[in-house]
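S.K.: Before I ask anything, here is the structure I am working with.
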Amino acid sequence: MRKIGFIGAGNMGGALASAVCKSVSSDSVYISDFDMDKAAALASSLSCHSMANDQIAGDCEVIFLGVKPQVMESVVSSIAPVLARRSDRFVLVTMAAGLECKTIAGYAGGEYPVIRVMPNTPAAIGKGVLQYCGLNTTQDDFDLFEKLMANEGLVDALPEALIDAASAVSGCGPAFCYLFIEALADGAVACGLPRDKALKYAAQMVSGSAEMVLKSGIHPGVLKDQVCSPGGTTIQGVKALEAGAFRSDTMAAVIAAYEKSRSIK
């Protein structure tokens, strides 16, 4: 049985570990973290195992590196001697913003297969978006990776040069959406709606609107026009958003996230 390891039990690592445990036997999944109590708690919740970094580096066929960019070098360098002693094939999977495949391979000290992914937290419920690219990889590596991510959501291969731009939309985007949902609910509460209902209605509306874009194939601008009756309530709300530079600010948020990602080396 193939062993799948996760070094890092944070939000991203946890989301992908949850997705993997839905695709393969959770008994083959192992989780580590600098806080082993945290790793053990996540492993318990997913019915998998906790294991030290060195053990994952030595035993697992696919090693997910779910650590922050600023500590990636120290973490990967610390397991490099274990990786160097292996004679079997393994794949490193990095989810750190801004760090290219060649950088991860350099930290690991060898020309190892590296898959770079940009996931988002909705992967934990099977509604994620994940872009990936590879270095020193084979089609078999990608086939195994896609099998592991089968319950993640939308999984899409992308040239590495476009990964940072994609991450600024789908990786950072959930935070922007949560702000929007919260603001919609706050507006409804100000109009007298109970908060629990306001949040439920706002979240379901955003989910349904997204499905309309995906399933209809109609441009969102056209869908927006279909809701805006002449002289109606919706166009007045759109006018208020435009007065606040809603679209410009949203574009600026994506560009700011992209530029920050590009600055990480």
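S.K.: When the residues of the range 57-73 are narrowed to those that are part of a loop (DSSP other than H, G, I, E, B) and at pLDDT below 95, which ends up nearest to Leu148 (Cα to Cα)?
M.R.: Looking at the filtered set, the residue picked out is Gly66.
S.K.: The conditions are (1) in contact (Cβ under 8 Å) with a residue 60 or more places away in the chain; (2) of a type outside the set (Gly, Ala, Ser); (3) touching a strand residue (DSSP E or B) at 6+ places or on another chain (Cβ under 8 Å); (4) assigned to a helix (DSSP H, G or I), and Val76 fails exactly one of them. Which is it?
M.R.: Going through the list (1) in contact (Cβ under 8 Å) with a residue 60 or more places away in the chain; (2) of a type outside the set (Gly, Ala, Ser); (3) touching a strand residue (DSSP E or B) at 6+ places or on another chain (Cβ under 8 Å); (4) assigned to a helix (DSSP H, G or I), Val76 breaks only (1).
S.K.: Looking at the structure I just gave you, is Ala41 surrounded by 21 or more Cβ atoms within 10 Å (Cβ to Cβ) and either of a type in the set (Val, Ile, Thr) or more than 17 Å from Thr137 (Cβ to Cβ) (or both)?
M.R.: Answer is no for this residue.
S.K.: Which one of these does Pro81 not meet: (1) under 24 Å from Phe142 (Cα atoms); (2) at pLDDT 95 or above; (3) not β-branched (Val, Ile, Thr)?
M.R.: (1)
S.K.: While we're on this one: Quick one: how many residues across the range 27-82 are hydroxyl-bearing (Ser, Thr, Tyr) and either closer than 22 Å to Gly110 by Cα or not assigned by TED's automatic domain parsing to the domain that holds Gly98 (or both)?
M.R.: Summing the residues that are hydroxyl-bearing (Ser, Thr, Tyr) and either closer than 22 Å to Gly110 by Cα or not assigned by TED's automatic domain parsing to the domain that holds Gly98 (or both) in the range 27-82 gives 3.
S.K.: Tell me which residues, restricted to the range 197-255, are more than 30 Å from the chain's Cα centre (by Cα), assigned to a loop (DSSP other than H, G, I, E, B) and small (Gly, Ala, Ser).
M.R.: Ser229, Gly231, Gly232
S.K.: Can you find a residue that is closer than 25 Å to Tyr132 by Cβ and either at pLDDT below 95 or outside the structural domain of Met12 (by TED's automatic domain parsing) (or both) anywhere in the range 186-202?
M.R.: No, that holds for no residue.
S.K.: Residues of the range 17-33 being at pLDDT 90 or above and of a type in the set (A, V, I, L, M, F, W, C), which ones?
M.R.: Ala17, Val20, Cys21, Val24, Val29, Ile31
S.K.: I've got another one for you. Determine which member of the set Leu193, Leu130, Leu158, Leu179 is under 30 Å from Thr250 (Cβ atoms) and crowded, with 20+ Cβ neighbours inside 10 Å.
M.R.: Step by step, each of Leu193, Leu130, Leu158, Leu179 is checked, and only Leu130 is under 30 Å from Thr250 (Cβ atoms) and crowded, with 20+ Cβ neighbours inside 10 Å.
S.K.: Among the residues of the range 44-66 satisfying the criterion of being closer than 22 Å to Val155 by Cα and of a type outside the set (A, V, I, L, M), which is surrounded by the most Cβ atoms within 10 Å (Cβ to Cβ)?
M.R.: Among those that are closer than 22 Å to Val155 by Cα and of a type outside the set (A, V, I, L, M), it is Phe64.
The values are calculated or read from the model by the stated rules, or taken from the named source; none is laboratory data. What you see is a predicted model, and the numbers here were worked out from it, not measured in a lab. Backbone-built Cβ (ideal geometry, glycine too); neighbour counts: all protein chains shown.
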